[in-house]
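So the structure is just underneath, and the comments pick up after that.
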Amino acid sequence: MGKKNKKKDKKGYGAEKTAAKTAKKAEKRAIKELGIDEDIDSLIAEFVEIDRRRVDVVEKQTPPPSPRCNMTLTAHPDKEELILFGGEFFNGKQTFMYNDLYFYNIKKNSWTLVKIPNAPPPRCSHQAVGVAQSGGQLWMFGGEFASPTQSKFHHYKDLWILHLSEKRWEKISAPGAPSSRSGHRMVVCKRQLIVFGGFHESIRYYGLPLFDDLHAFNLDTYNWIKLAPSGVGPTPRSGCQLSVRNDGAILVYGGYTKKQIKKDVDKGVIHEDMYILSNSVKEGKSGGDVEATGAVKWKWNKMSQSGIKPSPRSGATMVVTTGNKVMMFGGVFDQDDDDDDENIESEFYNEMYSLDLEKGKWFEMSLKSTKTKKKRRRRKTKDKDVAEQQPGETDTSGDKNEESDNEDEEDGNKDDDDVEEFIPCARMNTLLVVKHGILYLYGGVYEIGDKEVTLNDMYSIDVHKFDKWNTLVAMETRDQDWEDEDSSSSDEDKDDVADESDKNDDVGDKKDDEELQGAVGGIQATVM
């Protein structure tokens, strides 16, 4: 999903004509009240002109970035830094787009805002990867720009490189690029950028084309090529997960799409399937050989899954860790009624799973310090699985008799085992990065009723020990003001978010705010 306009996504474009009329009226009212320009080309051109006028690189230490979502967070290939670019923020009435470039210093736990001439225009839902060459490079492709009322969208198909050592942006013009899109995925594999999937949406409430095409950009020759793998691959989708295995094969998992169930009614579909994209070109051959033969050397294979699989969800995030594994966090599942498009309940998750990329086996993760002795003893009886598991991975498929054998010992240590440990709150579309064995979790989106909370909190955990989450940027949800589309109630909602204890608050909104604070507040963690 990955879009902030959940009302649109939840309806699945059902009752399209009525929704379109309602949205059009709301947009006209918003444009009049906010005094904003909906000419999307003019808005982008204005941003470009501002950056064009810059002459010098300006660096300034700042507080953490303001709340935003659908940006990218990438590990610097050579330094102890993380790089954040772009994103969007929706306050209930207006969307704000960014092309900010931040560097997070891991050792100092500090943020630096860097303004560079001729930067890419603002965008969200793009993709970025780091490459260790020429002092480090950040490559970025695609994404979208939304008008303030989300009535219009511009999708990019531009490719950019940030020369990290020089602090210099460069736009790469190469023929054969993928069509404009957002919600796609991109990884680095054998000196190539591999781009898969995504969608294109030009106007609200009308069908959005989804993609299943596959493209490769050669980092040596600077050429695009459209790949045509053999075998049956994934269906068109956006928001899937791409991970590169140690052998160079690429795993594709999950995603989100729309399925037409009757005229003018579409239903969201969450994919749980898994595919492997393998490249038969042998190691040691040049990038040119891969480019010349890539169209016939790639192959799709569907991969079977085992272990403790995650429940159906979209908006979860995966990141490659050590041991040829990935970790996955969060996500959301919308439980809807086909007969009532308005009655939808969203369940958000803060579970973490580990996946063995070679075997397709899932493990549910839990903090090592919270494990009972029962579980530790059970693992000792499974020598083969123990050798494969990372600290914190749990395989609950053991013999139930072993549980009863350890009941007495477990009860004797109940006080130690029942200690509640801090875990980041449930959310979707969070950012995950691993640098030198430390996993960093940043931001995401959480919803209470019609209110959308964009998070900018940040945490870290050692993937080898997996024993404790450390807070790097604390959560501050009370600072966010939510404005209802109905101007008559916007001030009231604003007060509700700012002070949920106000006795004059609306009862329903107060309940939502209390639920949010209970979900994301009141939990203390060690600040690094």
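Details
- Scanning segment 86-95 finds one or more residues that are under 18 Å from HIS163 (Cα atoms) and surrounded by 19 or more Cβ atoms within 10 Å (Cβ to Cβ).
- A Cβ distance below 7 Å, combined with a sequence gap of six or more or placement on separate chains, defines the contacts here; from segment 463-492, residues that are over 30 Å from GLU393 (Cβ atoms) and among the charged types (D, E, K, R) reach residues that are in a loop (DSSP other than H, G, I, E, B) and modelled with pLDDT of 65 or more in the pairs ASP481/ASN91; GLU483/ASN91; GLU483/GLY92; GLU483/LYS93; ASP484/GLY92; GLU485/GLY92; GLU485/LYS93.
- Pair list, Cβ under 6 Å, 6 or more apart: segment 306-322 residue within 19 Å of THR72 (Cβ to Cβ), other residue part of a loop (DSSP other than H, G, I, E, B) and polar (S, T, N, Q): GLY315/ASN429; THR317/THR430
- Cβ-Cβ distances below 6 Å connect the following pairs, each with a first residue in segment 435-457 that is more than 25 Å from ALA75 (Cα to Cα), a second residue that is part of a loop (DSSP other than H, G, I, E, B) and open to solvent by 20 Å² or more (accessible area, probe 1.4 Å), and a separation of six or more residues or different chains: LYS451/TRP482.
- Any hit, segment 449-469, residues being modelled with pLDDT under 90, under 25 Å from ASN350 (Cβ atoms), assigned to a strand (DSSP E or B) and among the aliphatic types (A, V, I, L, M): no
- Selection within segment 96-113 - over 16 Å from LEU162 (Cβ atoms), part of a loop (DSSP other than H, G, I, E, B) and either open to solvent by 40 Å² or more (accessible area, probe 1.4 Å) or among the polar types (S, T, N, Q) (or both): LYS107, LYS108, ASN109
- Among residues of segment 152-170 that are over 28 Å from PHE199 (Cα atoms), those with a beta-carbon under 7 Å from a residue that is in a strand (DSSP E or B) and of a type in the set (S, T, N, Q) at least six positions away or on a different chain give the pairs HIS163/GLN137; LEU164/GLN137.
- Positions within segment 126-153 being open to solvent by 20 Å² or more (accessible area, probe 1.4 Å) and either of a type in the set (Lys, Arg) or not in a strand (DSSP E or B) (or both), in sequence order: ALA132, GLN133, SER134, GLY135, LYS152
- Within segment 114-123, at least one residue is crowded, with 23+ Cβ neighbours inside 10 Å, of a type in the set (Lys, Arg), assigned to a loop (DSSP other than H, G, I, E, B) and modelled with pLDDT of 95 or more.
- Scanning segment 54-70 for residues that are touching a strand residue (DSSP E or B) at 6+ places or on another chain (Cβ under 6 Å), assigned to a loop (DSSP other than H, G, I, E, B) and open to solvent by 10 Å² or more (accessible area, probe 1.4 Å) yields PRO64, PRO67, ASN70.
- Some residue of segment 198-205 being over 24 Å from ILE225 (Cα atoms), of a type in the set (Val, Ile, Thr), open to solvent by 20 Å² or more (accessible area, probe 1.4 Å) and part of a strand (DSSP E or B): yes
- Of the criteria (1) open to solvent by less than 20 Å² (accessible area, probe 1.4 Å); (2) over 20 Å from HIS155 (Cα atoms); (3) not in a loop (DSSP other than H, G, I, E, B), which one ASP51 fails: (2)
- Within segment 157-187, being closer than 19 Å to ASP100 by Cα, assigned to a loop (DSSP other than H, G, I, E, B) and touching a strand residue (DSSP E or B) at 6+ places or on another chain (Cβ under 7 Å) holds for ASP158, LEU164, LYS167.
The values are calculated or read from the model by the stated rules, or taken from the named source; none is laboratory data. Nothing here was measured: the structure is a model prediction, and the numbers come from that model. Cβ: placed from backbone, ideal geometry, glycine included. Neighbour counts: every protein chain shown. Accessible surface areas use protein heavy atoms only, side chains included; no ligands, DNA or RNA. Shrake-Rupley method; radii C 1.70, N 1.55, O 1.52, S 1.80 Å.
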